[in-house]
Every structure is written in C-alpha cells, then in structure tokens.
Amino acid sequence: MYETTLGGRDVLVKITHRSLARGDIQFIDNAWGDTRFPLVPSHEIVGIVEETGSEVTDLRTGDRVGIGYQQAACFECSFCRQGIEQLCGKQKVIAVDCYGGLADHIVVDSRFAFRLLPQLDSATSTPLLSSGLTVYSGILRAQLPTGSRVAVLGAGGLGHLAIQFLHKGGHSVTTFSHSPHKRELIERLGGAFADTADPRRLTDYQAAFDFILSTLNVPFDLDSFVRMLTPKGQLCLVASPLEQLSLSGGQLNNSRRSIYGNYIGSRSESVQMLEFAATHGIEAVVDVMPLADMNQAIERIRRRDVEMALVLES
C-alpha cells in the first residue's frame, strides 16, 4: 500500500480496468536490469474520476478516463513546447518513476488522463492507452497517402491494433506472422495473412511496401524486410527485441529508404487516436480476468498463454 497527496492539477481515479502485458512482466523480472522496487506495474488504465484538484477544469467527478504510460512532463522544455511532451527529459512514466494500474486507485496529472467517448468499451479500450497509441503515433509519422501498401510484422498485442488503424486509414495491409491459426483474425481485422514460417517466400514481397511497422520483440532478419520497402519506403520499429538486430548498410544507401523508432505518443495524438478508434470501431481483442486473479494472470503471460491482450477488471 502507498499513499500520495492530490496536487492542484491532479485527479484521483478509481481504477476499473488495467492491462497486464509482456512489458509489465519484464519489469517484474528486471529483464533490462534497471527495475526499481517496490514496483506497481500496468501502464494501460481505465477508471472513473473520484476527485479533482483545485486547478483542474476539463475533468469532473464521474468522468471515465484512460491513462497511459506517461504520467508527467515539465511543460517548459522545447519538446513540450512543440507538443511532443513524450520526449521531455523530465517526464515520469509508470514502473520507472511512478506506480501503475495494479491498484485500486491512482493519482495522476489530469493532463495525462483522457476522457473516453461513450462508444469505447472500457475493457477493449484499455490496451489502446499505450499499445494503441504507440502504433498509431508511429503510423502518423509516416504521413502515408491513402491507399498505401503497408505491412505489419507480428499479429500480437501491438500488431492486431496496427492492422485495424492502417485498414481503417484506407491502406492495403499485409500481416506477417509465423502463426497460421491467426489468419482468420488477421483477415477479420482487415489484413492479408503472410506466413513467415517459410523464409523463401519473403522474396515474393521485394520492393512491395511503402511502409512496414514492426511489432516484433524477438530477433528477426532486418535485411529481409528492408528489401521489401520501395525505394522511398519507411520501416518503423515499435517493439524492443532484447537481442541486437543487424543491418547491411547497402540496403539504405542505394535508395531513400528510412528506418525509425517510435515512443508512445503525445497528448494530442492520444486524443486523436481515441477519437479515431471510437469513430471506426477499433478495439483490442482481450482476455478479461478479475483483479483478484492477478497472480494467475502474471503466470499466463509468462508462459505466453494470452493470444492478444489481458485486462484485469475490478
């Protein structure tokens, strides 16, 4: 148990739903070697505002809000002034600087609590707050014209949301997965299934895509997928394999291809993403468990017994 005070810009939120993902387990297991204990993970949260600070004007008691990975920013640095406060050097994020959603309540700066539209279901919208935002923001950076040929690497928690955002954005989506049993889901979400089990088939897609979004957190042959880009194609990485990836420099210097990463998204992108999801009926595929079964949920994720996303409800 921990206690904190409510600042002027803060809101007290009673948590009703919170996700538990691979990243949370990596924090628990100190996979990166930098976890600070005591730890309260879970960085995708939905709840009801119970109390507001004296300076809060845009949220009221009873509002349903979503809270993501970032909890605070300085709002004074050049990045904050540009509206990309997710790059603020003084930001605070769940599991690194502050506590997350495996709790009954959370106190958060109201500027990082986003009102949810009525069309958004609480359970299926919880993963949008970080996973959805990360892929949505990465897609926005590509500035794709409607009708672009795009690919998603991986059809898990991040990938199945990326398929929906790209499809509803008017693009032709191919999804690379080593799991044939996901074909039906991928096609239902608006993508075409491409089986990566046979590496020889990857040559069929040479120079086929304007944009590739990688959600893979395991090592993969980066060169093979860079070759799939058009001469001006872009590849965005939104997941972090623990092992190093290698790239042949010639894949880039004989073209105008580019590779970039993406880190969550800004507050304005959070609002835009939630509105887009509400308008187009985008939601996560989730397994819902009661919060009381938290330990069983952690073990399910450790043994990879979760298809897409797991949400704990209270």
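For the chain, what percent of Cα pairs sit more than 36 Å apart?
17 percent
What's the angle, to the nearest 10 degrees (0 to 90), between helix 267-280's Cα axis and the longest principal axis of the chain?
That works out to roughly 70 degrees.
Can you list the aspartates and glutamates whose alpha carbon is less than 19 Å from that of residue 92, not counting same-chain residues fewer than 8 positions off?
Correct list for residue 92: 3, 10, 24, 34, 44, 76, 109, 269.
Would you calculate a helix-derived [θ] at 222 nm for the chain, using -39,500 (n - 2.57) for each DSSP H run of n ≥ 4 and dividing by the full residue count, to the nearest 500?
-6500 deg cm²/dmol
First measure r as the distance between the Cβ atoms of residue 5 and residue 115, then evaluate 1/(1 + (r/R0)^6) with R0 = 22 Å and state the FRET efficiency to the nearest 0.05.
In this case the efficiency is close to 0.40.
What's the FRET efficiency of residue 60 with residue 97 using the Cβ-Cβ distance as r and R₀ = 25 Å, to the nearest 0.05? Working shown, then result.
Values: r = 27 Å, r/R0 = 1.09.
The formula returns an efficiency of 0.35 here.
Taking the Cα centre of the range 114-229 as origin, work out the dipole magnitude from +1 charges on Lys and Arg Cβ and -1 charges on Asp and Glu Cβ, in debye rounded to 20.
On the way: 10 positive and 9 negative charges, 48 e Å.
The dipole magnitude comes to about 220 debye.
State in Å² the accessible area per residue of the range 1-59; use a 1.4 Å probe, count heavy atoms of protein chains only, and round to the nearest integer. Walk me through the numbers on the way to the answer.
Numbers: 3040 Å² over 59 residues.
In whole numbers, the range 1-59 has 52 Å² accessible per residue.
Relative to the longest principal axis of the C-alpha atoms of the chain, give the angle of the C-alpha long axis of helix 159-168, reported between 0 and 90° and rounded to the nearest 10°.
With both axes taken from Cα atoms, the answer is about 80 degrees.
Please compute one quarter of the surface area of the Cα convex hull for the range 54-117 and express it in square nanometres.
On the way: hull surface 21.0 nm².
If you wrap the Cα atoms of the range 54-117 in a convex hull and average its projections, you get 5.2 nm².
For a Förster distance of 45 Å, can you work out the FRET efficiency between the beta-carbons of residue 192 and residue 50, rounded to the nearest 0.05?
0.50
Give the dimensionless ratio obtained when the Cα radius of gyration of the range 240-303 is divided by 2.2 N^0.38 Å.
1.81
Counting C-alpha atoms alone, how compact is the range 111-174: give Rg to one decimal and Dmax as a whole number, in angstrom.
When restricted to Cα atoms, the range 111-174 yields Rg and Dmax of 12.6, 36 Å.
Using 13 Å as the cut-off for backbone N distance, which residues of the range 258-298 belong to the label zone defined by a point 7 Å from the Cα of residue 35 along Cα→Cβ?
298
Bin width 5 Å, alpha-carbon pairs only: give the P(r) of the range 1-123 as whole percents, running from 0 to the bin holding the largest distance.
Result returned by the calculation: 2, 11, 20, 22, 21, 15, 7, 2, 0.
Mind listing the Cα extents of the range 191-314 along all three principal axes, in Å, largest one first?
The Cα atoms of the range 191-314 stretch 55, 35, 27 Å along their principal axes.
Using a Debye calculation, one point per C-alpha and no hydration shell, please list log10 I(q)/I(0) for the range 37-181 at q = 0.10, 0.16 Å⁻¹ in order.
-0.43, -1.01
Lys/Arg Cβ at +1, Asp/Glu Cβ at -1, dipole of the range 1-49 taken about the Cα centre: which of 7, 48, 38 is farthest positive-ward?
Of the candidates, 48 comes out farthest on the positive side.
Which residue, 129, 89, 148, has the largest displacement toward the positive end of the dipole of the range 79-149 when charges sit on each Cβ (Lys, Arg +1; Asp, Glu -1)?
Positive-most Cα among the choices belongs to 148.
Treating cross-link reach as a plain straight distance, find the aspartates and glutamates whose alpha-carbon is under 13 Å from the alpha-carbon of residue 232, omitting any fewer than eight places away in the same chain.
Answer for residue 232, where 13 Å is the Cα cut-off: 210, listed by chain and number.
What is the antiparallel percent of DSSP beta bridges lying wholly in the chain, to the nearest 5? It would help to have the intermediate numbers written out before the result.
Numbers: 25 of 54 bridges.
Of the beta bridges lying entirely in the chain, close to 45 percent run antiparallel.
In degrees, nearest 10, range 0 to 90: what is the angle between the Cα axis of helix 131-142 and the longest Cα principal axis of the chain?
That helix lies at roughly 50 degrees to the long axis.
How much of the accessible area of the chain, in percent, comes from carbon and sulfur atoms when a 1.4 Å probe is used? Don't skip to the answer; put the middle values down first.
On the way: 6990 of 14790 Å².
Reported share for carbon and sulfur atoms: 47 percent.
The values are calculated or read from the model by the stated rules, or taken from the named source; none is laboratory data. Since the model is a prediction, treat every value here as computed from it, not as a measurement. Heads up, the Cβs are rebuilt from the backbone with ideal geometry, glycines too, and the neighbour counts pull from every protein chain shown. For the accessible areas, the whole protein counts, side chains as well, though only heavy atoms, and no ligand, DNA or RNA atoms are used. Shrake-Rupley method; radii C 1.70, N 1.55, O 1.52, S 1.80 Å.
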